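Nothing in this text is a laboratory measurement; each read-out follows from the coordinates by a stated rule. Computed from a predicted structure; not experimentally measured. All Cβ positions, glycine included, derive from the backbone under ideal geometry; neighbour counts span all protein chains shown.
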């Protein structure tokens, strides 16, 4: 019984909370990183003019949609209040 306890203690001391464990996935991680780098090289990044136009378009559409939602909210709020008062 004492030998079993020693084995348990010694095995837990060899790998305390993951330290000194060999990473079996290291080659997979390296291949993943290599693949990510390769894919990033394939990306066609937009030029500054295109990026500016797209950014302005996104902001404009966001503002218009927020105004529409605010108007709908206003109409529904006072519309329901008006219907309830009838």
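Worth a mention:
- The residue 78 and residue 51 beta-carbon pair, evaluated with R₀ = 41 Å, returns a calculated FRET efficiency of approximately 0.50.
- Nearest-0.05 FRET efficiency for residue 86 and residue 62, computed from C-beta distance (R0 22 Å): 0.05
- Gain in span if fully extended, residue 39 to residue 23, counting 0.36 nm per residue against the direct Cα distance: 3.3 nm
- Rounded, prolate or oblate (a/c below 1.5 giving rounded, otherwise prolate when a/b exceeds b/c) for the stretch 46-86 by Cα gyration tensor: prolate
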